[in-house]
Amino acid sequence: MLRVKNFRVISVVMAFMLSPLGNFRGSAEAKIDCSPTVEKSNALPRTVAIASNLAGTGAHALASGLSAVASKVTTMSAKVQPYNGPNAWMPLLEQGEIEFGIINILDANMAATGSGNYKKAYPTIRIVSGGVFPFTGSIMVRDKSEIKSAADLKGKRMAWDFGGHAITQTWQQAAMEVLGLKASDVQQVRFSNLNDAIRAVPEGKVDATFAAIGIGINEEANAMEPIRFLNLPDNAGSNKILAKYGAIIVKQDPTAGIRSDTRVIGYPLHLASSTKVSDKTVATLLKAWWDNLAELQTIHPQFKKWTKDVQAITNFTVPYHDGAVKFYKEASVWGAKHDARTKEICG
């Protein structure tokens, strides 16, 4: 089970989550669409789709758990639709062909504003749940590798591009920036998706890749050959760099690739929807997941960090869905700070 146990780290995490800006400045500089929900029906759909990354990833595990509980306790049949990444499914969310998707805080803002990895804006995206925090990641190598530090990565083969999961490239470059590395310091080996890149590490096709921690594909890779995640420097300079990504350095508990005291990148992993999904649908599903959190937490360890206190966060960079706001107000977890943050990013 993944937990942030260190008291100092807990304090930093909570300060990040409760900060009105969450140390994330990019959203205040880009235009955000804050239009209300366009689907006004009170009739619930028979089916809903939750987009995720490929099987074996944290996003897929979360989507699977949410779908299972939704199908069990509501009249809606929920299904998981896996893609290479949010870049692949975002057009479908915009078109109303899927209703939900698992996406991290940085990816959500890029999609909403048409910045970073997105060539156009997808203005209908809305946040439904703050999701998992902290979702963690770092640079993965083979455990027997001589790579122990930033200097050891120079000249090595590193997975690159990641196709439809372009945000992995962004997080990898964030980790490299923290380590003082440039793209030109490594040999870039292109992959079309994250899973293939992770498998390539124990297969010896690359020396390193960025990867999320605590996900199923890591267990597969670790069984092929033991893996290890690099320890990232935990200091003010690192957190200053990561602030622009909506992330911080956190302590990681033991799991595949983590055997000793290791600091890694931590950030929120949201559940998103769009203005084309009705308030009734969003509120009904949120209540189902809220009331059945204990069951969700038996499905996958990541749900241990899907706690009620991080569902309505105050550092969001994309507006919450109107149906989610209604639910969180009724649950008494939405207050003046949330309203102030909404006005800030919609101003």
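The values are calculated or read from the model by the stated rules, or taken from the named source; none is laboratory data. The shown structure was predicted, so the numbers you read here are calculated from the model rather than taken from an experiment. In this analysis, Cβ positions are derived from the backbone assuming ideal geometry, glycine residues included, and neighbour counts consider all displayed protein chains.
Miscellaneous remarks
- Every residue from region 108-125 that is crowded, with 24+ Cβ neighbours inside 10 Å and more than 10 Å from residue 270 (Cα to Cα): 109, 110, 111, 112, 125
- The one condition from (1) modelled with pLDDT under 95; (2) closer than 30 Å to residue 262 by Cα that residue 30 does not meet is (2).
- Taken over region 270-293, the criterion of being within 21 Å of the chain's Cα centre (by Cα) and either exposed (fewer than 15 other Cβ atoms within 10 Å of the Cβ) or part of a helix (DSSP H, G or I) (or both) is satisfied by 282, 285, 286, 289, 290, 293.
- The residue that is surrounded by the fewest Cβ atoms within 10 Å (Cβ to Cβ), counting only those in region 297-347 that are under 27 Å from residue 39 (Cβ atoms), modelled with pLDDT of 95 or more and among the aromatic types (Phe, Trp, Tyr), is 334.
- Within region 139-160, at least one residue is surrounded by fewer than 24 Cβ atoms within 10 Å (Cβ to Cβ), more than 26 Å from residue 312 (Cβ to Cβ), within 20 Å of the chain's Cα centre (by Cα) and at pLDDT 95 or above.
- Considering only residues in region 242-252 that are closer than 21 Å to residue 148 by Cβ and of a type outside the set (Lys, Arg), the one that is surrounded by the most Cβ atoms within 10 Å (Cβ to Cβ) turns out to be 252.
- Screening 119, 79 for residues that are free of Cβ contacts under 8 Å to residues at least 40 places away in the same chain, closer than 25 Å to residue 47 by Cβ and in the same structural domain as residue 66 (by TED's automatic domain parsing) leaves exactly one candidate, 79.
- Selected residue [small (Gly, Ala, Ser) and out of contact with any Lys or Arg (no Cβ under 9 Å at 6 or more places or on another chain)] from 257, 204, 216: 216
- Residue satisfying all of: in region 258-269; farther than 24 Å from residue 311 by Cβ and assigned to a strand (DSSP E or B); nearest to the chain's Cα centre (by Cα) among these: 263
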